[in-house]
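In what follows, a single structure is set out as structure tokens and then discussed.
The values are calculated or read from the model by the stated rules, or taken from the named source; none is laboratory data. Predicted, not measured: the structure shown is a model, and the values here were computed from it. All Cβ positions, even for glycine, are placed from backbone atoms using ideal geometry, and neighbour counts span all protein chains on display.
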């Protein structure tokens, strides 16, 4: 099947799990675990604040998918262009936005990442082109960033585009990937297949079983399917693809399969799947899988994991307190940074 085919390390040149551990070493691996724990704790506390009425609008949790973007940033580095969907909290944290500014943004406060104007779906950093509230809307943005990289003959940067399985049936996806394949644009298109779209099983919404491997040939690209719950499999894939892309500038599609543990958004009770099915999926919690490996490698023990988890929990709680005490935006600031062409009076 697709995952086994894509992760046959000896045939496709990707590192084995043992080689990933040896390359990264204890310090980097602990750093990755810490970032995954930060994402998990941030999402848990923020969702709790939403349910208590402190946060309005929309809220899309990344719980269950932490290994994917953490591995990408470790393998590819922050000095590239990134675009993602409305499920953007994790990527913003990984790209250097502070938990305090992101939580304040969720609260709609003036100290927030976008001064309280963007909310949950629209975080930004110097290298994050924002979360997109339009399904598939980020795909043309990332493709444009890749075009800019190639046009300016920048040889050490790429663009990375994250999307859900629901985005691959949008027209913008196909038009963008056609241009990327035609012009050989250095972009990694990452389909984070959490299996349920907005509430419809992927196998009832997408005509092919393995999205990347089926779609890629139509655009002259390579496609890979990976286990999105396994940090080491993700790192091996992205490290291999990144090195190849810096050589040939050819775009690539990756399908990372990781079933989300929550509903599509905080208002979704997830009644379309059984409790038994969810329990089975949660047995492949990326955090527990990462912890298990690091304990086996004697990089951390159970007590050390609990201490690290508590440390990240405290960071998230501190962010909640900061957001709650932060001021609301002034009404007079509504026009700041809003631009419109000037017209002469008739």
Q: Please tell me if residue 105 is in contact with a strand residue (DSSP E or B) (Cβ under 9 Å, 6 or more places away or on another chain), at pLDDT 95 or above and farther than 23 Å from residue 257 by Cβ.
A: no
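Out of 308, 320, I need the residue that is in contact with a helix residue (DSSP H, G or I) (Cβ under 8 Å, 6 or more places away or on another chain), modelled with pLDDT of 95 or more and more than 30 Å from residue 26 (Cα to Cα). Which one? Spell out the reasoning first.
On the way: 308 fails: more than 30 Å from residue 26 (Cα to Cα).
Every option except 320 fails the conditions.
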Q.
Condition check: assigned to a helix (DSSP H, G or I) and within 26 Å of residue 259 (Cα to Cα). Does residue 73 satisfy that?
A. yes
Q: Find the residue count for region 307-341, including only residues that are under 13 Å from residue 100 (Cβ atoms) and not in a helix (DSSP H, G or I).
A: 1
**Q.** Among the residues listed as 172, 142, 146, the single one being touching a residue at least 24 places away in the same chain (Cβ under 8 Å), more than 17 Å from the chain's Cα centre (by Cα), outside any loop (DSSP other than H, G, I, E, B) and buried (at least 24 other Cβ atoms within 10 Å of the Cβ)
**A.** 146
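Taking the stated definitions as given, is residue 68 surrounded by fewer than 22 Cβ atoms within 10 Å (Cβ to Cβ), touching a residue at least 12 places away in the same chain (Cβ under 8 Å) and either part of a helix (DSSP H, G or I) or in contact with a helix residue (DSSP H, G or I) (Cβ under 7 Å, 6 or more places away or on another chain) (or both)?
Working: surrounded by fewer than 22 Cβ atoms within 10 Å (Cβ to Cβ): no; touching a residue at least 12 places away in the same chain (Cβ under 8 Å): yes; either part of a helix (DSSP H, G or I) or in contact with a helix residue (DSSP H, G or I) (Cβ under 7 Å, 6 or more places away or on another chain) (or both): yes.
So residue 68 fails the test.
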Q) With (1) surrounded by 20 or more Cβ atoms within 10 Å (Cβ to Cβ); (2) more than 23 Å from residue 198 (Cβ to Cβ) as the list, and residue 130 as the residue in question, which single condition is left unmet? A) (2)
Q | Hey, residue 162 within 14 Å of the chain's Cα centre (by Cα), touching a residue at least 12 places away in the same chain (Cβ under 8 Å), part of a loop (DSSP other than H, G, I, E, B) and buried (at least 23 other Cβ atoms within 10 Å of the Cβ) or not | A | no
Q. Just wondering, is there one or more residues in region 87-94 that are out of contact with any helix residue (DSSP H, G or I) (no Cβ under 7 Å at 6 or more places or on another chain), part of a helix (DSSP H, G or I) and without any contact (Cβ under 8 Å) to a residue 60 or more places away in the chain?
A. no
Q: Starting from residues that are touching a helix residue (DSSP H, G or I) at 6+ places or on another chain (Cβ under 7 Å) and in contact (Cβ under 8 Å) with a residue 12 or more places away in the chain, keep the ones in region 197-208 and report whichever is surrounded by the fewest Cβ atoms within 10 Å (Cβ to Cβ).
A: 198
Q: Give me a count of the residues in region 110-127 that are surrounded by fewer than 22 Cβ atoms within 10 Å (Cβ to Cβ) and assigned to a loop (DSSP other than H, G, I, E, B).
A: 12
Q | Selection status of residue 220, over 23 Å from residue 285 (Cα atoms) and over 18 Å from the mean Cα position of the chain (by Cα) | A | yes
Q.
If residue 243 meets every condition in (1) free of Cβ contacts under 8 Å to residues at least 12 places away in the same chain; (2) within 24 Å of residue 199 (Cα to Cα) apart from one, which number is that one?
A. (2)
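From the residues in region 149-159 that are in contact (Cβ under 8 Å) with a residue 40 or more places away in the chain and more than 18 Å from residue 216 (Cβ to Cβ), which one is surrounded by the most Cβ atoms within 10 Å (Cβ to Cβ)?
The first filter runs over region 149-159 and keeps only residues in contact (Cβ under 8 Å) with a residue 40 or more places away in the chain, leaving 149-150, 155-159.
Those still in the list that are more than 18 Å from residue 216 (Cβ to Cβ) too: 149-150, 155-157.
Details: 149: 21, 150: 19, 155: 11, 156: 9, 157: 19.
The selected residue is 149.
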